[in-house]
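Every read-out reported here was derived from the displayed coordinates using simple, explicitly stated rules and does not represent laboratory data. Every value quoted in this text rests on a predicted model; they were computed, and no experiment measured them. Counting neighbours? That spans all protein chains shown, and the Cβs are built from the backbone with ideal geometry, glycine included.
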Amino acid sequence: MGRRRRKTTPRRPIRTIPSIFNCPRCGRNAVRVELNKNIGQATIHCGNCDVQATVGINPLTEPIDVYGEFVDICAAKSNSTTKTTNSHLSSES
């Protein structure tokens with residue numbers, strides 16, 4: 001007689017953080033984040049629409065943190081241009 005076999009439990013795959021992100025301006029999956037921890041700066045660059053930004057970082061910063069700041073910067077720029085356009089249009093009427 002053989003021994004009882006233990007059932008194997010299916011293992012979940014470990015999710016990894018992506019290294020290329022979606023661009024908030026053009027919507028393509030082309031934003032690259034380069035961390036330079038020696039200098040304390042990160043460079044964000046979109047390969048499609050050539051949007052670039054430089055953000056200050058600390059030693060614990062990860063690429064996803066820098067991407068979040070980049071999205072906030074792009075949103076602030078688009079909101080400020082929308083506000084000036086709307087105020088310009090309302091003052092003409």
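Observations
- Cβ-based net charge around residue 44, under 12 Å, with every Lys or Arg adding one and every Asp or Glu removing one: -3
- Per residue of the chain, the DSSP helices (runs of n ≥ 4 H) give a summed -39500 (n - 2.57) that works out to -11500 deg cm²/dmol at 222 nm.
- Take 36-45, 61-70, 8-17 and order them by the average number of nearby Cβ atoms within 10 Å per residue, most first; the result is 61-70, 36-45, 8-17.
- Estimated vicinal HN-Hα couplings, Hz - the range 43-59 in sequence order (Karplus 6.51, -1.76, 1.60; Gly, Pro = x): 10, 10, 9, 9, x, 8, 9, 6, 7, 10, 8, 10, 10, x, 10, 10, x
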